[in-house]
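The structure appears right after this line, and notes come after that.
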Amino acid sequence: MAAVSHQNSAIDVTSIPEAPKAKIATPPSKVIKQYKPQGQWTLHRLASSSEFLCLQCNKRKKAKLIAIRHNQWDDLCCNACYGLKLSKAK
């Protein structure tokens with residue numbers, strides 16, 4: 001039988017890098033108006049036009065009207081896709 005060597009090796013936790021803090025998505029500009037939620041989507045009017053990627057049609061857009069899902073500013077939808085979703089829901 002082979003002898004098992006147990007070394008008391010402590011882990012230096014000071015050398016473990018911290019995980020980056022999660023960045024909370026925020027509106028690209030000031031929200032002027034928040035419309036009544038329609039299902040899981042809410043439409044917002046921004047103070048100025050902002051460029052964003054619509055995650056529904058996967059196109060780059062620039063607009064003042066942006067819809068978000070579940071109040072999360074990292075799930076953006078353009079007004080055209082938002083309107084299409086509403087019309088299909090009825």
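The values are calculated or read from the model by the stated rules, or taken from the named source; none is laboratory data. A quick note: this is a predicted structure, and the numbers were derived from the prediction, not measured. A quick note on method: Cβ atoms are made from the backbone with ideal geometry, for glycine too, and the neighbour counts reach across all protein chains shown.
Could you look through segment 50-75, keep only residues that are in contact with a Pro (Cβ under 9 Å, 6 or more places away or on another chain) and either assigned to a strand (DSSP E or B) or among the hydroxyl-bearing types (Ser, Thr, Tyr) (or both), and pick out the one that is surrounded by the fewest Cβ atoms within 10 Å (Cβ to Cβ)?
GLU51
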Inset, instruction - Kindly list, by first and then second residue, each pair from a residue in segment 53-70 that is at pLDDT 95 or above and of a type in the set (S, T, N, Q) to a residue that is surrounded by 12 or more Cβ atoms within 10 Å (Cβ to Cβ) and outside any loop (DSSP other than H, G, I, E, B), limited to pairs with Cβ atoms under 7 Å and residues at least 6 apart or on different chains. - result: GLN56/CYS77; GLN56/CYS81
Legend entry - Residue list for segment 6-48, restricted to those being at pLDDT below 65, among the polar types (S, T, N, Q) and either under 26 Å from LYS64 (Cα atoms) or assigned to a loop (DSSP other than H, G, I, E, B) (or both): GLN7, ASN8, SER9
Inset, instruction - List every residue pair whose Cβ atoms lie under 6 Å apart, where the two residues are 6 or more positions apart in sequence or sit on different chains, the first residue falls within segment 30-52 and is without any contact (Cβ under 8 Å) to a residue 60 or more places away in the chain and under 10 Å from ALA63 (Cβ atoms), and the second residue, located anywhere, is of a type in the set (Lys, Arg) and outside any loop (DSSP other than H, G, I, E, B). - result: ARG45/LYS33; ARG45/LYS64; LEU46/LYS64; SER49/LYS62; SER49/LYS64; GLU51/LYS62; PHE52/LYS61
Inset, instruction - Would you please name the residue that is farthest from ALA47 (Cα to Cα), looking only at residues in segment 76-89 that are modelled with pLDDT under 95 and in contact with a strand residue (DSSP E or B) (Cβ under 9 Å, 6 or more places away or on another chain)? - result: ALA89
